[in-house]
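The values are calculated or read from the model by the stated rules, or taken from the named source; none is laboratory data. Please read all numbers here as calculations on a predicted model, not as lab measurements. Reconstructed Cβ throughout: ideal geometry from the backbone, glycine too, with neighbour counts over all protein chains shown. These area figures cover heavy atoms from the full protein model, side chains too; ligands, DNA and RNA do not enter into them. Shrake-Rupley method; radii C 1.70, N 1.55, O 1.52, S 1.80 Å.
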Amino acid sequence: MSNQSVTAGVALAGVMAHCGGSPVGAVKFLAGAIASAPAAPELHAALAELWRDRRSELKEGLEGDGSLSAVPAQAYFLFLDGDMDDAVMSLGSVTGARPDVAWGTVPWFGDVRFLGAVSAEALAEACLRTLDYGHDLDTDAMRERFTPWFDAIDVVSERSPEPESLAAMARLPRACGRYDLAFALCDRGDAVDRVMWTAVARAGTWRAMGDLDRAAESFEDALALDPANWSLCLDLADVRAEQGDFAAAVGLVDQGLRHEPGEVSLRAAGAAYRTRLSGSSDDLRALIVLAPELASTSYRDLLIRRRPRPDRGHPAGGHGRGPADRRGARRTGRRRLPRQDRR
């Protein structure tokens, strides 16, 4: 959006708010303009003026509105009110829905007041929300758009190096192919305290890079820190299966089943890996019965692909992150976009 268009947009929003009697409409108009020019200070100045002059009307009109046309403005209003945690989580939701917009360039996101006050846990949650839709972020264009996020992560993780939060933050740079930053966050967390989630984050990064040996080592570290975690047993079993070591995979699944005997993903993986190891028709039938019960269709398809096939080598690939990694942070339900708007 050109400077001239920004100026015209601000003027039109003023007309809508003051002459047309629609401050909520003006806010949504400005939010749409911000999507075209997120770094434009004039648009945010106009929002700040509306929030100062028409706060009560806007609070009533925007209450419960989680649409993409409202949340960017609401995030800024939260910042103005000093609620940095909800502000960043709102921005994370918007970024997840529309990663093609450089939302991180909005002026308040780099403000020292924001960076000095936002909690590590809230920023971690915001990072996870940017990944909610599974968009491909591993491109040069995406890395450039997410540079302000990387800068914020660096500042906040240094100020508040909470290991679990840093492990969750690491998911975003990993998804963007910024493996150096993902590992740096793991190192920073380990310097404070060695926790299971940091080892899981490190394992996920090695796995994303295709280094299965180091991924397995990191999952072993995680399992040593939390030996009763069935999900870690499954994560490591999946890596061993990717390496072609189905005997080790079966052993790890059995280890997980001792802790959670009814877990369907463990039972299905065990059937799949025993089938791959021995060619047992009974295990194959068990896999066919259990497969429809798996919540993750991608994991189900992966297990089915790993059954024996004539004249085929070991399957490659994998599902990228295991069950433990998917649950790698305490998620909060505050200010998420409604499902119909989160696409």
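Go through the stretch 133-184 and give me each residue that's in a loop (DSSP other than H, G, I, E, B), among the acidic types (Asp, Glu) and either buried (at least 17 other Cβ atoms within 10 Å of the Cβ) or free of Cβ contacts under 8 Å to residues at least 12 places away in the same chain (or both).
The first filter runs over the stretch 133-184 and keeps only residues in a loop (DSSP other than H, G, I, E, B), leaving 133-139, 146, 160-162, 170, 176-178.
Adding the requirement that they be among the acidic types (Asp, Glu) leaves 136, 138, 162.
Passing the criteria: 136, 162.
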Practice prompt. Kindly check whether there is at least one residue in the stretch 188-202 that is in contact (Cβ under 8 Å) with a residue 12 or more places away in the chain, over 30 Å from residue 280 (Cα atoms) and out of contact with any helix residue (DSSP H, G or I) (no Cβ under 8 Å at 6 or more places or on another chain).
Written response: yes
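Results for (1) modelled with pLDDT of 90 or more; (2) outside any helix (DSSP H, G or I), shown as yes or no for each residue.
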| residue | (1), (2) |
| --- | --- |
| 9 | no, no |
| 12 | no, no |
| 34 | yes, no |
| 52 | yes, no |
| 60 | no, no |
| 69 | no, yes |
| 86 | yes, no |
Practice prompt. Return only the number of the condition from (1) open to solvent by less than 30 Å² (accessible area, probe 1.4 Å); (2) more than 15 Å from residue 153 (Cα to Cα) that residue 210 does not satisfy.
Written response: (1)
Item to complete: Specify the residue that is nearest to residue 26 (Cα to Cα); the eligible residues are those in the stretch 88-121 that are open to solvent by less than 20 Å² (accessible area, probe 1.4 Å) and outside any helix (DSSP H, G or I).
Response: 106
Worksheet item: Do we find a residue being under 12 Å from residue 87 (Cβ atoms) and modelled with pLDDT of 95 or more anywhere in the stretch 126-138?
Response: yes
Worksheet item: So how many residues does the stretch 210-266 have that are in contact with a Gly (Cβ under 8 Å, 6 or more places away or on another chain), among the acidic types (Asp, Glu) and part of a helix (DSSP H, G or I)?
Response: 4
Discussion item. If I ask for residues that are exposed (fewer than 13 other Cβ atoms within 10 Å of the Cβ) and assigned to a loop (DSSP other than H, G, I, E, B), which ones from the stretch 272-295 would you list?
Written reply: 279, 295
Fill in: Residues being in contact with a helix residue (DSSP H, G or I) (Cβ under 9 Å, 6 or more places away or on another chain) and over 21 Å from residue 222 (Cβ atoms) - total across the stretch 245-277
12
Fill in: Yes/no for residue 202 being open to solvent by 40 Å² or more (accessible area, probe 1.4 Å), over 18 Å from residue 167 (Cβ atoms) and in a helix (DSSP H, G or I)
no
Discussion item. When you check residue 120 against the structure, is it within 27 Å of residue 166 (Cα to Cα) and out of contact with any Gly (no Cβ under 6 Å at 6 or more places or on another chain), yes or no?
Written reply: yes
Discussion item. Criterion first (surrounded by 22 or more Cβ atoms within 10 Å (Cβ to Cβ) and assigned to a helix (DSSP H, G or I)) does residue 191 satisfy it?
Written reply: no
